[in-house]
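K.L.:
Got a structure here, written out as structure tokens. Questions coming.
The values are calculated or read from the model by the stated rules, or taken from the named source; none is laboratory data. What you see is a predicted model, and the numbers here were worked out from it, not measured in a lab. Every residue, glycine as well, gets a Cβ built from its backbone with ideal geometry; the counts of neighbours run over all protein chains shown. With ligands, DNA and RNA removed, areas are computed over all heavy atoms of the protein, side chains included. Shrake-Rupley method; radii C 1.70, N 1.55, O 1.52, S 1.80 Å.
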Amino acid sequence: MTIFGIDFSMGALWLAAALVLAILEVVAPGFFMIFLALGAAITGFVMLIAPGLHLIVQALLFALFTAGAVALGRRWYHRSPSTVGPPGMNDRTANLIGRVVEVCEPIVGGEGRVKVGDGAWAAKGADMPAGARVKITGAAGSVLLVEPLA
């Protein structure tokens, strides 16, 4: 194939496309372009070995190799330990369990508010007056479950 008067093999074009896709993955990470890059790279290597393949066969190979890369990537991702961070890293309520806090609005009828740091959180538990010290035992969404200190 000739582009701007320069002859390129289809294998070289597929490898160039793989490089561009890999760079896009680095610039705008989303963990998807890398699979397309892998499919393009494998197709490029096949085209270097068998340069006479029709464009439709190349497209089918690219689709097949990309699907295989996605399947392997999903399998690896689901089997690997957490790749985001430690458990509970983005779960604020889970990180509060076990802390002792103060009731800032009386818990009446099982509902009230507790002071956590410089903020107040909705809380559920046994009825208690403001100022009582309670322990956070769990959470239901953003509502903390509390029980009185023994």
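K.L.:
Based on alpha-carbon atoms only, what is the radius of gyration of the stretch 21-150 relative to the globular estimate 2.2 N^0.38 Å?
P.N.:
The value comes to 1.93.
K.L.:
Considering the dipole of the chain built from charges on the beta carbon (Lys and Arg +1, Asp and Glu -1) around the Cα centre, which of LEU21, ALA140, ILE49 is farthest to its positive end?
P.N.:
Of the options given, the answer is ALA140.
K.L.:
For ARG75 and LEU19, what does the FRET efficiency come to when R0 = 25 Å and r is the distance between their Cβ atoms, rounded to the nearest 0.05?
P.N.:
0.50
K.L.:
Can you give the extra length, in nm with one decimal, that the chain gains between ASN95 and ALA122 once fully stretched, where that is 0.36 nm per residue apart less the Cα-Cα distance?
P.N.:
In short, 8.1 nm is gained.
K.L.:
Take the solvent-accessible surface of the protein heavy atoms, probe 1.4 Å, and return the percent of it on the chain that carbon and sulfur atoms account for.
P.N.:
Answer for the chain is 68 percent, counting heavy atoms of protein chains only.
K.L.:
Between GLU102 and VAL143, what length comes free when the chain is fully extended (0.36 nm per residue of separation minus the Cα-Cα distance, one decimal in nm)?
P.N.:
13.3 nm
K.L.:
Calculate, for VAL27 and LYS115, the FRET efficiency according to 1/(1 + (r/R0)^6) with r their C-beta to C-beta distance and R0 41 Å; round to the nearest 0.05.
P.N.:
0.40
K.L.:
So how far apart, in nm, are the two label points at ARG133 and VAL57 if each is 7 Å from Cα heading toward Cβ?
P.N.:
So the label points at ARG133 and VAL57 sit 7.9 nm apart.
K.L.:
Show me the ranking of peptides 40-47, 106-113 by mean Cβ neighbours inside 10 Å, starting with the highest.
P.N.:
Highest to lowest by the protection proxy: 40-47, 106-113.
K.L.:
For the chain, what is the accessible area per residue in Å² when the probe is 1.4 Å?
P.N.:
The answer is 65 Å² per residue.
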